[in-house]
Amino acid sequence: LTYKVNCGYVDLRDVQGVLVSFEDISQAEAIGQMRRDFVANVSHELRTPLTALIGFIETLQGPAAEDAKARDRFLSIMGDEASRMNRLVSDLLSLSQVEAEARLRPSQNVDLGHLLAETVEGLSPVADAANVTVDWHLPDQPVTMPGDSDQLRQIFTNLIENAIKYGGRDNTVTLQLSESPRDPVLRQAGVRVDVIDRGPGIEAVHLPRLTERFYRIDSHRSREMGGTGLGLAIVKHIVNRHRGRFKIQSTPGEGSTFSVLLPMEG
Ligand code: ADP
């Protein structure tokens, strides 16, 4: 706990003395620290690709400019680094947008089966490149709910892309969409989407921290796969904005299940 101590003289007609008050500023301190950490993380994440870009520009201004093979290789790495910065900036913008809109009520009527189909189709190049099959389990009837379709698409894109990336090559990712007329957790009708992979799984110690901004289990691997470390933080914010719940279950050596539970009545 952090306290701010305020002292002052009191000089009223019949009372004279010293007034000391204690103000609990722990929460303000914690928010200030989180803000400083966030700025430090963003600066670090942007500086890494920028340093690489500056290095390659200097190399290309030197003798490497004459070597066509080296030049092409450097330009391709520079392209990758620039794309990484681009992804980071778009994820930061998404995060600040969902945070800013946290109090607005999402109001479109969204057909979740249709949205999931579109999302999987959009990710088919990523799945094909890793030789991953996406398996479906959808109810016969359409499942609709009030929400923001762009943001809901972002939830499923992030989760399915992670399942493909971290689940490993030549594997299967399973998507399950189900409805419960009265969900015990939401205490109203709910819809649930499970994204299941059979990858290496996640040690229990990491689970509570996965939705923190920039938290990664293996930073090198995440960066290599084009990750920004913001995907699950964005998912958590969007789910909260829709007044839903987000749950991660994992068994090391067997795989992980990322579940999103959303209220059907808004
Ligand atoms: P990133 O951009 O690094 O993928 P995320 O916020 O999406 O960031 O995920 C945070 C971390 O959680 C990842 O770096 C990875 O270590 C871990 N992770 C996410 N999804 C999975 C998964 N399906 N299987 C194993 N680990 C995962």
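The values are calculated or read from the model by the stated rules, or taken from the named source; none is laboratory data. All figures in this text were calculated on a predicted structure; none of them were measured in a lab. We place every Cβ from the backbone using ideal geometry, glycine too, and count neighbours over all the protein chains shown. SASA here: full protein model, heavy atoms, side chains in, ligands and nucleic acids out. Shrake-Rupley method; radii C 1.70, N 1.55, O 1.52, S 1.80 Å.
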Accessible surface, region 111-207, averaged per residue in Å² (probe 1.4 Å): 48 Å²
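Restricting to the chain, what percent of DSSP beta bridges are antiparallel, rounded to 5?
Restricted to the chain, the bridges split so that about 90 percent are antiparallel.
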Counting Lys and Arg as +1 and Asp and Glu as -1, each charge on the Cβ, what is the dipole of the chain about the Cα centre in debye, to the nearest 20? 420 debye
Please calculate the 1.4 Å probe accessible area of residue 264, with all protein chains present, and give it to the nearest 10 Å². 40 Å²
Taking just the C-alpha trace of region 170-213, give me its Rg and Dmax in Å. 14.3, 39
Per-residue accessible area, 1.4 Å probe, largest first, puts 112, 75 in the order 75, 112
Would you work out if region 161-266 is rounded, prolate or oblate? Take a ≥ b ≥ c from the square roots of the eigenvalues of the alpha-carbon gyration tensor; rounded if a/c is under 1.5, else prolate when a/b is larger than b/c, oblate otherwise. prolate
For region 196-208, just list the computed ³J(HN,Hα) in residue order, Karplus coefficients 6.51, -1.76 and 1.60, θ = phi - 60°, integers in Hz, with x standing in for Gly and Pro. 10, 10, 10, x, x, x, 10, 5, 4, 4, 7, 3, x
The answer for the net charge of residues other than residue 98 whose Cβ lies under 10 angstrom from its Cβ, with Lys and Arg +1 and Asp and Glu -1, is -1
Quick calc: nm separation of the 7 Å Cα→Cβ label points for residue 67 and residue 203 -> 4.0 nm
5 Å is the cut-off here: which amide hydrogens, built 1.01 Å from N in the peptide plane, fall below it relative to residue 110, excluding neighbours closer than 5 in sequence? 145, 147
Checking the cross-link filter: which lysines have an alpha carbon closer than 23 Å to that of residue 247, excluding same-chain neighbours under 8 positions apart? 165, 236
For region 22-34, take each phi angle, set θ = phi - 60°, evaluate the Karplus expression 6.51 cos²θ - 1.76 cosθ + 1.60, and give the result in whole Hz per residue in order, putting x for glycine and proline. 10, 10, 7, 10, 4, 5, 4, 4, 5, 5, x, 5, 4
Taking each pair of different alpha-carbon atoms in the chain once, compute 1/r for the pair, average those values, and report the inverse of that mean as the Kirkwood hydrodynamic radius in Å to one decimal. 21.6 Å
What is the list of residues in region 208-241 whose amide nitrogen lies under 18 Å from a point 7 angstrom out from the Cα of residue 44, following Cα to Cβ? 209-233
Apply the Karplus parameterisation 6.51 cos²θ - 1.76 cosθ + 1.60, with θ equal to phi minus 60°, to every residue of region 213-220 and state each ³J(HN,Hα) to the nearest whole Hz, in sequence, with x for glycine and proline. 4, 6, 7, 10, 6, 10, 4, 4
Round to the nearest 10 and report in Å² the accessible area of residue 140, as given by a 1.4 Å probe over the protein chains' heavy atoms. 150 Å²
Across 63, 142, 184, the residue with the highest GNM fluctuation in the chain (Cα network, 10 Å cutoff) is 63
Just to be sure I understand: with springs between alpha-carbon atoms less than 10 Å apart, which residue in 118, 212, 66 has the highest mean-square fluctuation in the Gaussian network model of the chain? 66
Using +1 at the C-beta of Lys and Arg and -1 at the C-beta of Asp and Glu, which of 226, 253, 208 has the Cα lying farthest in the positive direction of the dipole of region 114-266? 208
Can you give me the long-range amide H partners of residue 173? Hydrogens built in the peptide plane at 1.01 Å from N, cutoff under 5 Å, separation of 5 or more residues or another chain. 133, 134, 135
Could you point to the residue in 143, 167, 156 farthest towards the positive end of region 141-197's charge dipole, with +1 and -1 charges on the Cβ of Lys/Arg and Asp/Glu respectively? 143
Ignoring ligands and nucleic acids, what accessible area does residue 178 show with a 1.4 Å probe (Å², nearest 10)? 50 Å²
How much mean residue ellipticity at 222 nm does the chain get from its helices, if each DSSP H run of length 4 or more adds -39500 (n - 2.57) and you divide by all residues, to the nearest 500 deg cm²/dmol? -15500 deg cm²/dmol
Toy charge model, Lys and Arg Cβ at +1, Asp and Glu Cβ at -1: region 123-171 dipole around Cα centroid in debye, rounded to 20, equals 140 debye
Within the under-10-Å Cβ sphere about residue 177, not counting residue 177, Lys/Arg +1 and Asp/Glu -1 give a net charge of -1
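For 165, 69, write out the residues from largest to smallest accessible area, computed with a 1.4 angstrom probe and no ligands counted.
69, 165
Quantify, in whole percent, the carbon and sulfur part of the accessible surface of the chain (1.4 Å probe; protein heavy atoms only).
Using a 1.4 Å probe with all protein chains present, the chain comes out at 52 percent carbon and sulfur.
Around residue 142, with a cut-off of 15 angstrom between Cβ atoms, what is the net charge of the other residues, counting Lys and Arg +1 and Asp and Glu -1?
Numbers: positive: none; negative: 111, 118, 140, 179.
Net charge in that neighbourhood comes out at -4.
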